[in-house]
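The values are calculated or read from the model by the stated rules, or taken from the named source; none is laboratory data. What you see is a predicted model, and the numbers here were worked out from it, not measured in a lab. Glycine gets a Cβ as well: all are built from the backbone with ideal geometry, and neighbour counts include every protein chain shown.
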Amino acid sequence: MKARMLREEQGFTLVEAMVALFVLMVGVMSLFTMQLTAINSNTTATGITWGTAWVTDQIEYLIKLPYDDNLLKDTTANPAPAPVASPDGHYSVSWTVNEDSPMENLKALTITVQYTDRATQKSMVMDYVKSSM
């Protein structure tokens, strides 16, 4: 009689429950890993976005200066201007100027922004050509 009752009982065995919990745990751990990867990618993207904004801001500032301004002197013969730090101190913007490059009456500006992303020094470089006109 008891053997018949055991066969008729329905439910999960302990092994089945443990396997189900293991599968659930693997799925949850995958979600945690995916979330950490997304957070790290967003942090990197934020650094790139702010760095690009600082470079373009500096380009716009240098564009507005007169062609013969002291900040636009040829840095191959003169020392480069001191780097400009962002208000939060995380970004440093510097630039070099090559006069009569790539042609006469043009100045090739190379603007570099440096920042630290998760203990790694990173930099972005943009080039711009300024005309004397």
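The set of residues in region 8-57 that are touching a residue at least 24 places away in the same chain (Cβ under 8 Å) and polar (S, T, N, Q) comprises Asn40, Thr43, Thr44, Thr52, Thr56. Remark: pairs (first residue in region 87-115, more than 18 Å from Pro66 (Cβ to Cβ) and without any contact (Cβ under 8 Å) to a residue 24 or more places away in the chain; second residue assigned to a loop (DSSP other than H, G, I, E, B) and hydrophobic (A, V, I, L, M, F, W, C); Cβ separation under 7 Å; 6+ apart in sequence or on different chains) = Ser94/Ala80; Thr96/Ala80.
Inspect all residues belonging to region 34-49 and state whether any of them is part of a loop (DSSP other than H, G, I, E, B) and either closer than 23 Å to Ser94 by Cα or modelled with pLDDT of 90 or more (or both).
Within region 34-49, the first condition is being part of a loop (DSSP other than H, G, I, E, B), and the residues that meet it are none.
No - not one qualifying residue is present in region 34-49.
Can you pull out every residue in region 116-133 that is among the β-branched types (Val, Ile, Thr), surrounded by 12 or more Cβ atoms within 10 Å (Cβ to Cβ) and either touching a helix residue (DSSP H, G or I) at 6+ places or on another chain (Cβ under 7 Å) or at pLDDT below 90 (or both)? Hit for region 116-133 is Thr116, nothing else.
Taking region 100-115, which residues are acidic (Asp, Glu) and surrounded by 17 or more Cβ atoms within 10 Å (Cβ to Cβ)?
Initially, region 100-115 is screened for residues acidic (Asp, Glu), giving 100, 104.
None; the set is empty.
Scan region 76-115 for residues that are more than 21 Å from Trp50 (Cα to Cα), at pLDDT 85 or above and in contact with a strand residue (DSSP E or B) (Cβ under 9 Å, 6 or more places away or on another chain) and the total you get is 9.
So which residues in region 41-86 are surrounded by fewer than 13 Cβ atoms within 10 Å (Cβ to Cβ), within 18 Å of the chain's Cα centre (by Cα) and not aliphatic (A, V, I, L, M), if there are any at all? Within region 41-86, Ser41, Asn42, Thr43, Thr46, Thr49 qualify.
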